[in-house]
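As structure tokens, the structure follows; a few thoughts come after it.
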Amino acid sequence: IEHSNPLHGSVVGSESVGSRIQRAAFVFVLILFIFLGLLIVRCFRILLDPYRSMPSSTWTDYMEKDTFDYRIS
């Protein structure tokens, strides 16, 4: 029984290993493209409406701190 070596394609039976590696690489690249697409959509949403993505608590905390600083001076 010959064992297939993934580094050398001359051994019979390495076609199934190569196709499995190729299929896994294709699935990995597909997942990366889906992730890239989601990031692009998220970035465009932030660019179109930047204040919607920010939590309102940071604005109120900043305003309270700002008015408190003015009260001290």
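Among Phe35, Phe44, which is the only one that is in a helix (DSSP H, G or I), open to solvent by 70 Å² or more (accessible area, probe 1.4 Å) and at pLDDT 95 or above? Sole residue among the options that is in a helix (DSSP H, G or I), open to solvent by 70 Å² or more (accessible area, probe 1.4 Å) and at pLDDT 95 or above: Phe35.
Just to be sure I understand, how many residues within segment 1-32 are at pLDDT 90 or above and open to solvent by 80 Å² or more (accessible area, probe 1.4 Å)? So the answer is 9.
The values are calculated or read from the model by the stated rules, or taken from the named source; none is laboratory data. On a predicted model such as this, the values are computed, not experimentally measured, just so you know. Note: accessible area is taken over every heavy atom of the protein model, side chains too, but ligands, DNA and RNA are not part of it. Shrake-Rupley method; radii C 1.70, N 1.55, O 1.52, S 1.80 Å.
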